[in-house]
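Here is the structure we will look at, set down as structure tokens.
The values are calculated or read from the model by the stated rules, or taken from the named source; none is laboratory data. Remember, it's a predicted structure, so these values are computed and weren't measured experimentally. Note: ideal-geometry Cβ built from the backbone for every residue, glycine included; neighbour counts use all protein chains shown.
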Amino acid sequence: FGTKPKIKVSGSLFSQVDLVSPVKASVSIKRLILGIWIPMPCKNKLGSCTYNNLCDYGYPTNVTCPEVFLKNNVPCRCPIPMGNYTITPTVAFQLPKNTSILAGTYKGTITITDNKLLLSCYNVYFVLYDADYNSVYSVIQV
């Protein structure tokens, strides 16, 4: 159990307007359990949560965007110019060991709004797994 769990994410974003701070994001995440998609609660800012300013979570301007963002011409910070963005191949992010997300397959939708005006929707699909053994990794907060 010496490795940190990873989360794999792929998806696309389409916006007809520039996304400029503050931008509200509502996240709805479901986990596949025995063939049924079960809604996940918001815990430790992960899961089905609402973020009042999505731009707070982008990379700082003094940090280079990750290579997968650059290769796919996807912005990693606000403002995000209007357009259609797709992340391929799948991006893997490290998670802390004490995260409350359980291992498994997830899907979700992020709705991005400004003053209740729907700006964009983002569909996501990811699997939490053990990077060393390439198998599903159970992460439980103790």
### Summary
Taking the stretch 33-76 and keeping only residues that are closer than 21 Å to Gly108 by Cα and among the basic types (Lys, Arg), one is left with Lys43, Lys45
#### Entry: Residues of the stretch 64-82 satisfying the condition of being hydrophobic (A, V, I, L, M, F, W, C) and surrounded by 13 or more Cβ atoms within 10 Å (Cβ to Cβ)
Cys65, Val68, Phe69, Val74, Cys76, Cys78, Ile80, Met82
### Query
Restricting attention to the stretch 53-65, does a residue exist that is under 14 Å from the mean Cα position of the chain (by Cα), at pLDDT below 85 and farther than 23 Å from Lys24 by Cβ?
no
### Query
When only residues in the stretch 102-142 that are charged (D, E, K, R) and part of a strand (DSSP E or B) count, which is modelled with the lowest pLDDT?
Asp130
